[in-house]
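Worksheet: one structure, shown below.
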Amino acid sequence: MTAIAVQPLKSQFKPLRLVRHSLELTKRSLIKTWRTPEALIDVTVQPALFLVIFVYIFGGAIAGGTHEYLQFLMPGILAQTVAMGAISIGVNLNNDLEKGIFDRFRSLPIARSAPLIGAVLGDVVRYVIVTISTFAFAYLMGFRIHASPLHAIAGCLLAVLFGVCLSWALVFVGMLVRTSGAVQGIGFLVIMPLTFASNVFVGTFTLPGWMQGFVKVNPLTHLVQSMRGLFLGTPVGNHVWWTLGWCAAFVIVFMPLALAAYRKKV
Amino acid sequence: MTDVMVEAEGLVKRFGETRALQGVDLAVPRGTVHGVLGPNGAGKTTAVRILSTLLRPDAGQARIAGFDVVRDAEKVRSRIGLTGQYASVDEDLTGRQNLVLFGTLLDLRKSAAKHRAKELLEWFDLTEAADRPAKTYSGGMRRRLDLAASLVGRPDVIFLDEPTTGLDPSKREDMWQVVRTLVRDGSTVLLTTQYLEEAEALADEITVIDHGRVIANDTPEQLKRIVGGQTLEVRPADPADLEKTGLILASVATNQKPAEMTRKGVLAVPVSGDEALTESVARLATAGIVVTELSMHLPSLDEVFFTLTGRKDTEGNHK
Ligand SMILES: Nc1ncnc2c1ncn2[C@@H]1O[C@H](COP(=O)(O)OP(=O)(O)OP(=O)(O)O)[C@@H](O)[C@H]1O
Ligand SMILES: [Mg+2]
């Protein structure tokens with residue numbers, strides 16, 4: 001080995017280090033996504049499948065026409081897709097924890113939270129990809145934007161942000177339970193009812209009264225309503241604020257819980 | 001600054017009913033190699049994980065370079081390099097990407113991290129495979145990458161958990177050479193092993209543990225003396241020479257013990273030093289005896305344990 005050289009070090013300012021380490025680990029996630037694109041298949045195929053099934057099978061019955069129903073359903077499916085996408089980060093992290101690489105991270109003088117933050121940020125690209133693929137597929141089926149492109153992009157960004165924030169809840173689940181199968185199971189049990197007891201598939205007013213109460217606070221309802229407004233040019237009301245509020249709540253509640261659970265796992 | 005780089009007192013760790021460590025003491029002076037020798041399940045990995053801050057001890061304390069592994073974990077982490085028993089690199093990243101990642105996580109500038117990665121890849125003979133994902137590496141390559149990964153930050157204290165298990169003899173020899181270089185450059189190394197031979201080849205001091213307890217702590221020389229030293233084995237080319245060979249071997253043996261036939265046509269005697277080998281070679285040559293096999297063996301771990309504990313087998317599953 002060569003003689004011990006003076007190693008140029010970067011700033012040791014703590015918050016800066018956390019940001020820098022998290023970004024380095026984000027890069028790691030991106031390389032992994034790039035190397036294993038097949039991991040994206042399920043999340044990209046599923047929304048296409050749902051669009052076809054619901055539009056062509058139920059469209060006539062629910063909305064009286066497939067084209068009208070597609071306009072209504074597309075934002076809902078997008079919301080469902082990002083919510084489902086959050087499950088896979090919980091599953092992946094649960095798997096990763098078993099692997100030696102997390103031992104290596106824990107033996108380095110970096111913040112414990114950096115690997116988790118890196119994984120969550122790395123997932124942004126997954127949400128962007130599923131958003132684009134869902135959009136493209138819906139477009140082929142005849143979905144059209146009726147608002148300015150800027151509004152539409154804002155709608156998509158809102159969906160991505162929602163996915164990233166919600167993923168902290170599933171990271172928490174991933175830290176709590178023992179097997180990745182259990183993470184998948186719990187994720188489905190939570191996300192499925194959330195998407196059906198919402199305005200994803202049908203208008204809120206068609207639901208039984210007792211359920212409407214839940215639907216009205218359901219974070220997915222607000223996300224879907226925001227996107228409908230932003231894509232179709234209808235009024236958004238304060239649904240965007242509600243959605244942002246939910247996003248903040250997910251992070252404020254579940255990020256500390258996930259980090260604490262991760263620390264305890266050691 | 002302290003000169004005891006690794007210091008542990010009364011480490012205790014339980015996993016449910018299993019008592020993995022039941023009061024382990026260790027002390028490793030700066031610039032030395034310390035061998036922790038023990039069979040499967042002895043508690044070696046548990047001890048290494050506590051010393052490298054991955055596990056909290058239930059009782060007892062440990063300091064690395066004077067920093068407490070629980071209270072000053074972050075400071076400890078900046079002084080140590082860990083090569084665990086199982087590979088701990090990212091399988092999807094290439095060898096180079098792994099090393100650069102660890103360099104940047106250690107706050108090296110990008111250029112310094114790249115330079116360090118290149119240097120380590122060269123040193124560990126991985127330059128050719130540097131840009132392939134680590135999951136395509138052979139077991140030996142992975143082991144080397146793993147060791148390289150723990151050296152990125154030029155740690156003062158290096159933990160190696162069974163670094164040569166699963167390596168072929170020539171790769172094992174290379175790994176030993178690496179350890180010697182590290183120590184020569186000023187690092188302190190704590191390594192675990194199941195082979196007395198390895199501990200003997202590298203360590204300045206050996207701690208033998210079994211069932212989570214220290215059962216011996218000595219220099220290799222002392223330890224060998226306790227467990228009865230080495231065995232010298234000779235196979236004369238002509239079986240007619242067996243008797244004469246036996247007499248020569250007895251003359252160099254510890255306490256002039258008579259030779260025993262351990263395998264067909266092979267005679268063995270216990271000896272207490274390497275001089276016995278040269279001595280016997282000279283006498284065999286004078287007597288005009290041609291040999292086809294001549295070797296020295298250290299006692300196996302089984303024999304060491306038998307001698308130290310008086311029990312034949314500690315868990316029924318060690319090699
Ligand atoms: N996470 C754990 N949960 C439960 N038991 C454990 C855990 N880790 C270790 N043990 C137990 O503690 C004991 C010591 O294990 P350890 O891994 O430290 O042994 P070792 O000396 O490293 O063995 P080997 O040579 O097989 O690597 C064993 O009986 C093992 O089964
Ligand atoms: Mg072990």
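Quick notes
- The residue that is nearest to ligand 2 (Cβ to nearest atom), counting only those in the stretch B:55-80 that are of a type outside the set (A, V, I, L, M, F, W, C) and closer than 15 Å to residue B:159 by Cα, is B:77.
- Filter pass, residue B:101 being within 25 Å of residue A:26 (Cβ to Cβ), over 22 Å from the mean Cα position of the chain (by Cα), at the interface with chain A (Cβ under 7 Å from one of its Cβ atoms) and not in a loop (DSSP other than H, G, I, E, B): yes
- Residue in the stretch B:163-170 that is within 16 Å of ligand 2 (Cβ to nearest atom), crowded, with 20+ Cβ neighbours inside 10 Å and over 24 Å from residue A:33 (Cα atoms) present: yes
- Annotation: residue A:29 fulfils all but one of (1) open to solvent by less than 30 Å² (accessible area, probe 1.4 Å); (2) at pLDDT 85 or above; (3) away from chain B (no Cβ under 12 Å); the unmet one is (3).
- Top-ranked residue in the stretch B:55-74 [being over 16 Å from residue B:26 (Cα atoms) and free of Cβ contacts under 8 Å to residues at least 24 places away in the same chain; ranked as least open to solvent (accessible area, probe 1.4 Å)]: B:73
- Considering the conditions (1) among the acidic types (Asp, Glu); (2) open to solvent by 50 Å² or more (accessible area, probe 1.4 Å); (3) within 7 Å of another protein chain (Cβ to nearest Cβ), residue B:90 is excluded by exactly one of them, (2).
- Hey, residue B:96 away from ligand 2 (no atom under 16 Å from the Cβ), assigned by TED's automatic domain parsing to the domain that holds residue B:176 and more than 30 Å from residue B:138 (Cα to Cα) or not: no
- Residue identified as assigned to a helix (DSSP H, G or I) and within 26 Å of residue B:211 (Cβ to Cβ) among B:49, B:96: B:49
- Counted residues, the stretch A:210-266 - those being surrounded by fewer than 18 Cβ atoms within 10 Å (Cβ to Cβ) and within 14 Å of chain B (Cβ to nearest Cβ): 4
- Scanning the stretch B:35-54 for residues that are in contact with a helix residue (DSSP H, G or I) (Cβ under 9 Å, 6 or more places away or on another chain) and either open to solvent by 40 Å² or more (accessible area, probe 1.4 Å) or more than 16 Å from ligand 2 (Cβ to nearest atom) (or both) yields B:49, B:53.
- Residue in the stretch B:5-18 that is in contact with a Ser or Thr (Cβ under 9 Å, 6 or more places away or on another chain), away from ligand 1 (no atom under 14 Å from the Cβ), away from chain A (no Cβ under 14 Å) and open to solvent by less than 30 Å² (accessible area, probe 1.4 Å) present: yes
The values are calculated or read from the model by the stated rules, or taken from the named source; none is laboratory data. Here the structure is a predicted model, which means the values were calculated and not measured. All Cβ positions, even for glycine, are placed from backbone atoms using ideal geometry, and neighbour counts span all protein chains on display. Ligands, DNA and RNA are excluded from the accessible area calculation, which covers all protein heavy atoms including side chains. Shrake-Rupley method; radii C 1.70, N 1.55, O 1.52, S 1.80 Å.
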